[in-house]
Amino acid sequence: MLSHVRTSPATMFIIIVIFGIVAFAVLAVCERPVNVMSRTWTTTYLDNNATTPCFDQVISCVANSTRAFYANPSSMHKAGQRSRAELERCRSVMRNLVKASNYGIVFTSGATESNNLAIRSIITDYITASGKLNATVITTPMEHPSVYETLKSLPAVRVHMLSVSPIGLLDLDELNDALKDETVAMVCVTMANSEIGTIQDVASIAQACRAAYVHCHLDMTQVFGRYNVSLNQLRADTVTMSAHKFHGPKGVGALFYTLTRPPPTPCTTGGKQEQGLRGGTENVPGVAGMALALQLCADGLARDGAAERMTRLLQGIKVGIQGIVPDVVFRGGVPDVDGYHGLYQTVSVVLPARASQLAAELSNLNVFVGVGGCACSKGQHSMTLEAIGASQEEMWRTMRISLGFMNTDRDVGRFLKCMRVAMARIEHVETHRLETRSE
């Protein structure tokens, strides 16, 4: 029967066109690259202190560098030397962007490795040079796990934990008193806390360390890319950076070290790369992406008013949340608006509901926020929130919102709309649970 059905050329042409459109759509869905810069209109990402999506230009840069600079930078042939030249170009670009002409740069896999390298190196050097059996490290209870876990793993280290205020600031007088201890080898402080956004007075901290002839190590992971930085002016001894916090690739970072002191002691064996300070073939494409991301952030701050825009967006989020949950409590906030000195794109929110429950509801709506402690703690106990006096119940009810360069007014509107829906769902479930219990 079908063999006798005739199809006109026009009909056949229409069928072919329709088939082609359907096939193209299927291939587009199956092969669409994961590119958050070109996010769909149904995704809102507000967890930029955990990590940031890569700029499109950075993704292209890493891909192009992978093709162009495939050779080992340690190889003596021309291909290797081209990779070496690109590595040094990026080093120079980054040194200029953060005004670090008085610093050397060791490229690492990120802030965790950089913190480890700095801490282990300085402690080893101190014990070797002083002949002492132990060393004291001054730090705060608001540090990244790569700081306090590393300190805890070193048997020769005694940790002097400074107290912090209810907004997370350390007491400079307490620091100066602690520096009088002759066994102090170094001070480790995070400049900007990832959970509540507190920014420490690192200029005064570094000055106090210099006066006491004590090594000053700063974790500035949440600062680079978001602020104009001058390491020459700050004059800390070592400084940590991680590319994925400012829209660069993951798995690459840096440790800046002052050239006025001896360089760090290598903590790994097996290679002489990075001036002999960090063995292993350098990640040239990753470094290239990191340098470009830092440049793009600097351009955004200078030309596009990125900081002012994120400040405005965060204030809009806070006002909107108060309209949904009137009894909400904010930790951190917007500088110059709340009289709070902190990251302009970060706020910690204490909710009337469990934050993990709200985050799950929001996630189902493709809205992504942070919960409780830093992402590296994987939702475990938050030392930061405990240090500022939060109860366990408050920790469970804490949500973090952190903005990035890619967030827009649309994200604010969609987040608030979805939060209203999520809170209504939670209230409905809770009401149903109480009714069921009373029956």
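Please turn the phi angles of the stretch 317-328 into ³J(HN,Hα) values with the Karplus equation 6.51 cos²θ - 1.76 cosθ + 1.60 (θ = phi - 60°), one per residue in order, whole Hz, x for glycine and proline.
Running phi through 6.51 cos²θ - 1.76 cosθ + 1.60 with θ = phi - 60° gives 5, 5, 5, x, 4, 4, x, 8, 10, x, 8, 6 Hz.
Would you kindly calculate the mean projected area, averaged across all directions, of the convex hull enclosing the Cα atoms of the stretch 126-204, in square nanometres?
Values: hull surface 21.8 nm².
Computing the convex hull of the Cα atoms and averaging its projections yields 5.4 nm².
For S83, what is the net charge nearby, where nearby means another residue's Cβ is under 15 Å from its Cβ and Lys, Arg count +1, Asp, Glu -1?
Working: positive: R67, K78, R82, R84, R89, R91; negative: E86, E88, E274, E282.
That works out to +2.
Ordering L218, L296 by accessible area with a probe of 1.4 Å, largest first, what comes out?
Working: L218 0, L296 40 Å².
In descending accessible area the options line up as L296, L218.
What ³J(HN,Hα) values, in whole Hz, does the Karplus curve 6.51 cos²θ - 1.76 cosθ + 1.60 give for the stretch 161-171 when θ = phi - 60°, with x put for Gly and Pro?
Here the 3J(HN,Hα) series is 8, 6, 7, 10, 6, x, 9, x, 8, 7, 8 Hz.
Return the FRET efficiency for the residue pair Q233, F368: r is the Cβ-Cβ distance, R0 is 35 Å, and the value is rounded to the nearest 0.05.
On the way: r = 36 Å, r/R0 = 1.03.
Using R0 = 35 Å, I get an efficiency of 0.45.
What net charge is computed for the residues neighbouring N96, neighbours being all others with C-beta under 14 Å from the C-beta of N96, Lys and Arg scored +1, Asp and Glu -1? Mind dumping the intermediate values first?
Numbers: positive: R89, R91, R95, K99; negative: E88, D299.
Net charge around N96: +2.
What list of ³J(HN,Hα) values in whole Hz, one per residue of the stretch 240-250 in order, does the Karplus curve 6.51 cos²θ - 1.76 cosθ + 1.60 (θ = phi - 60°) give from phi, with Gly and Pro shown as x?
Calculated HN-Hα couplings, in order: 9, 9, 9, 5, 6, 8, 10, 6, x, x, 7 Hz.
What does the accessible area per residue of the stretch 78-298 come to in Å², with a 1.4 Å probe and no ligands, DNA or RNA counted? Let's see the in-between values first.
Values: 8510 Å² over 221 residues.
On a per-residue basis, 38 Å².
Could you check how much of the accessible area of the stretch 78-298 is carbon and sulfur, as a whole percent, using a 1.4 Å probe?
Working: 4610 of 8510 Å².
On the stretch 78-298, the fraction of accessible area on carbon and sulfur atoms equals 54 percent.
The values are calculated or read from the model by the stated rules, or taken from the named source; none is laboratory data. Keep in mind the model is a prediction, meaning the values are calculated, not measured. We place every Cβ from the backbone using ideal geometry, glycine too, and count neighbours over all the protein chains shown. The area values use the complete protein model at the heavy-atom level, side chains included, leaving out ligands, DNA and RNA. Shrake-Rupley method; radii C 1.70, N 1.55, O 1.52, S 1.80 Å.
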